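See structure below.
Only the coordinates and a few stated rules stand behind these numbers; no lab work does. Being a predicted model, the structure only gives us computed values, none of them experimental. Using ideal geometry, Cβ is built from the backbone for each residue, glycine included, and neighbour counts are taken over all protein chains shown.
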Amino acid sequence: MNNKILIIIQTIILSSTLLFSQQEKLVVIDGLFAPSTRTRIAKQKNREADITFSKRVHREIYLKQKKNHSLYYPHKPNSIYKSMFSIIREGLLKQKS
């Protein structure tokens, strides 16, 4: 019986230390939190010489399938909803002009 209680207490202590060990400690300055000191790394552009393999894939999309209805409907765009292909067509028309 004592061993079970000891094991339960140890698991509670261990789990509580694991839960609270990953939390950041926020510093309060004049009632406001200090800004984060993390910095973002800029994304590097890929050079053509660095790309070793590329593949172009052409596939057919069956728009009558239920999972693809959001790409096809509504037939006539309204003020709220547009189909994906009407958006692509508008973008191509804007690009040409």
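For this structure, a couple of remarks:
- Cross-link reach list, lysines versus residue 94, counting only Cα pairs under 18 Å and skipping chain neighbours closer than eight places: 82
- Where labels lie 7 Å past Cα in the beta-carbon direction, separation of residue 59 and residue 11 in nm: 4.5
- Peptides 90-97, 39-46 ranked from most to least packed by the mean count of surrounding Cβ atoms within 10 Å: 90-97, 39-46.
- Cα gyration tensor shape of the range 54-97, rounded if a/c is under 1.5, else prolate or oblate by comparing a/b with b/c: oblate
- Shown is the FRET efficiency for residue 50 and residue 72, computed with R0 = 35 Å from the Cβ-Cβ distance and rounded to the nearest 0.05: 0.40.
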